[in-house]
Each structure stands twice: as structure tokens, then as C-alpha cells.
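The values are calculated or read from the model by the stated rules, or taken from the named source; none is laboratory data. Predicted model only: the values in this text are computed from it and were never measured. As a convention, Cβ positions derive from the backbone with ideal geometry for all residues, glycine included, and neighbour counts pool all protein chains shown.
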Amino acid sequence: MATCLVTGGAGFLGSHLCDELLGRGNRVICVDNLETGSLRNIEHIRHSRFEFRQLDIVEPYYVDEPVDVVYHAASPASPIDYLRLPLHTLKVGSYGTHHTLGLAKKHRARFLLFSTSEVYGDPQVHPQEESYWGHVNPIGPRGVYDEAKRYAEALTMAYHRQQGVDTAIVRIFNTYGARMRANDGRAIPTFFRQALLDEPITVFGSGEQTRSFCYSDDLIRGIIALAESEEHDPVNIGNPGEFTLLELAQAVIEVTGSKSEIIHQPLPKDDPKQRRPDITRAKALLGWEPTIDLREGLQRTLDEAGREVLAGALR
């Protein structure tokens, strides 16, 4: 039985990771300051192998018992959150990553950083492979998140090269599923909320900009496969299926049976025009690729989360 530490474990992805790790027989220590995470995401867990600790990893923290794997998922991740918490986002990426890497070093644990496709910025290479260095505006409004993750990647590799820490980096592309916050500002929860309330669905710009969307179960499976590998360099985990935001909005309308119409709003600054992962390395190194397509994943999300939650009744 391995002991796994999950920072940001009460968040959307962190809570799904805790569930899967427990299901595989591990002990899980969940760490979260609940700034963007929620106890609702983990209240269903009633297990002797699960422990929740409310703390802020921006400050030094310690775990007295042995730890085998550290999953560093903590960070504000939606535009609404990191624009509201710009300094905290930067501190989590820097101080929080430094403290968590130090903990992994002390315990000689495998460390996996949750990075993001945002490190590619508004990409000039398509699809994005891990060797692409990105096209990022470091002083734009999104820069606090983009550069926090880019710095966290550099710090992770420095700990690996100089301190010998066993590290891994996953670059996560757009992911969705149950436990998304209805008002977190990202496309799928926003479209679900608007569609279920029969409100106009707001698409930024022309809607021809593209994204790829990975269902949470597929993503968590890939992340654990990476943690169990011996790979140190970044690996993209995401679904290479590519859709315009107009196609996504229409799919949500169809799945929900909504009467919503689609309207357009101005495109936010530095919003990427296209985003799609090259998952060649994930296939070759991990034997991983997603199995759940967009329509099936949207239906699962609706069934598992519930119409009232996705409509924002609990916000």
C-alpha cells in the first residue's frame, strides 16, 4: 500500500484523483486550503485510508509519516480564479511548488507536477508537442497562471537535475466532468449552466477557435500511468479530438435538450486561437490514449453531476 499526497485534493481534478488512488488500494493524504476547492468534492469519502488536511502550501508544511508519491495539483486554474487571485496563483506556482518538492525530496518520493497546456500560450505550432516552447505573453492578464506553471516546470526539473528528486510533469489539456464549478468561467461548465437555464450561450469571438476536451476519467488514468512510469520530461495528457467552440456549444444544447440560442461576446485578451495536444509520447511511453468521446463525456457529466448542480443551484 503506497501513501500518496495530493495537493489541491479537494478541487475538481484532485478529488477525482483521490477517488481513483483509494480505489487502487493506496492511502491518500489530501491537502487543500479550500480557496478554490470544496469540501463537497470529498464529503463522499468515508475511508480509513483517507486523511484531509486544510493548509496553504504557500507556507512551509510537513508530513511526519512516509510518503511514496506526491501529486502536486494545487493551483487556481480557471480564468475567474487566477484573475481574482493573481498573486496567490504566482505564489502557489513558486513557493507552493518549492515547498512540495522539498517534501518529496525529504521522503524520497516520486513527484508529479500538474502543469498545463497554457504553457504553450497562443500556439504558433499545431498540434502542440512537448518540444514546443510556447508563445506566451508574460505580462498579459493570463500571464500569472501561464508563467506560474512555466516556473513550476523549471523548478521541478532543477530539483530533478541538482537534487536527484524523482520527478514527472504532466501538461493537462482542457478537462471536464462531474464536480466542475458551474460558475468557474470555463467553457463547458458555463455552457452547461446557461443551457440548463435556457439562457443564451455566450461564445467569445467568432467561435471558430478550437479546443480539445478530455473526460476526467481518461485524464486521471493517464496521470497515474505517468506517475508509475520512470519518465521525467513533460508529457501531454489530453484528448486530440478538436472542436470549435461553436461545435461545443451546439453539442451541449443537444445533450441537455436546451432552448438556448448562441450569442457572441468580444474575445478576451491572449485567448488561444487553437489548442490540441500531440499525444504521441503518452501513447509510446505510457500506452495511454483517451477512450471517451465528447458526446459520451458530456452525457456522463450531466448524469453524474446532476442538472441542478450544473445549472448553478449550489453556487
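Just checking, which of 206, 216 is crowded, with 24+ Cβ neighbours inside 10 Å and small (Gly, Ala, Ser)? Before you say what the answer is, go through the steps one by one.
Values: 206 fails: crowded, with 24+ Cβ neighbours inside 10 Å.
That would be 216, the only listed residue that is crowded, with 24+ Cβ neighbours inside 10 Å and small (Gly, Ala, Ser).
Identify, from the list 22, 17, the residue that is assigned to a helix (DSSP H, G or I), surrounded by 14 or more Cβ atoms within 10 Å (Cβ to Cβ), under 17 Å from the mean Cα position of the chain (by Cα) and touching a residue at least 12 places away in the same chain (Cβ under 8 Å). Give the steps one after another, and end with the answer.
Values: 22 fails: under 17 Å from the mean Cα position of the chain (by Cα).
Exactly one of 22, 17 is assigned to a helix (DSSP H, G or I), surrounded by 14 or more Cβ atoms within 10 Å (Cβ to Cβ), under 17 Å from the mean Cα position of the chain (by Cα) and touching a residue at least 12 places away in the same chain (Cβ under 8 Å), namely 17.
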Looking at segment 260-292 only, could you name the residues that are closer than 15 Å to residue 223 by Cα and small (Gly, Ala, Ser)? 282, 284, 287
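Within segment 223-233, can one find any residue that is touching a His at 6+ places or on another chain (Cβ under 9 Å) and either surrounded by 15 or more Cβ atoms within 10 Å (Cβ to Cβ) or touching a residue at least 24 places away in the same chain (Cβ under 8 Å) (or both)?
Residues of segment 223-233 touching a His at 6+ places or on another chain (Cβ under 9 Å): 232.
Still in the list and also either surrounded by 15 or more Cβ atoms within 10 Å (Cβ to Cβ) or touching a residue at least 24 places away in the same chain (Cβ under 8 Å) (or both): 232.
Checked segment 223-233: at least one residue is touching a His at 6+ places or on another chain (Cβ under 9 Å) and either surrounded by 15 or more Cβ atoms within 10 Å (Cβ to Cβ) or touching a residue at least 24 places away in the same chain (Cβ under 8 Å) (or both).
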Looking at segment 180-225 only, could you name the residues that are assigned to a strand (DSSP E or B) and within 18 Å of residue 281 (Cβ to Cβ)? 212, 214
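Of all residues in segment 39-63, which are among the acidic types (Asp, Glu) and either in a loop (DSSP other than H, G, I, E, B) or outside the structural domain of residue 226 (by TED's automatic domain parsing) (or both)?
So the first thing to find is which residues in segment 39-63 are among the acidic types (Asp, Glu), and the list is 43, 51, 56, 59.
Matches in segment 39-63: 43, 56, 59.
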Quick check: is even one residue across segment 64-71 in a loop (DSSP other than H, G, I, E, B) and farther than 27 Å from residue 235 by Cβ? yes
Out of 230, 296, which single residue is more than 25 Å from residue 145 (Cβ to Cβ), among the acidic types (Asp, Glu), modelled with pLDDT of 95 or more and in the same structural domain as residue 19 (by TED's automatic domain parsing)? 230
For residue 161, indicate whether it is charged (D, E, K, R) and free of Cβ contacts under 8 Å to residues at least 24 places away in the same chain. yes
Reported set for segment 25-48 where residues are surrounded by 14 or more Cβ atoms within 10 Å (Cβ to Cβ) and either more than 12 Å from residue 10 (Cβ to Cβ) or β-branched (Val, Ile, Thr) (or both) is 26, 27, 28, 29, 31, 36, 42, 45
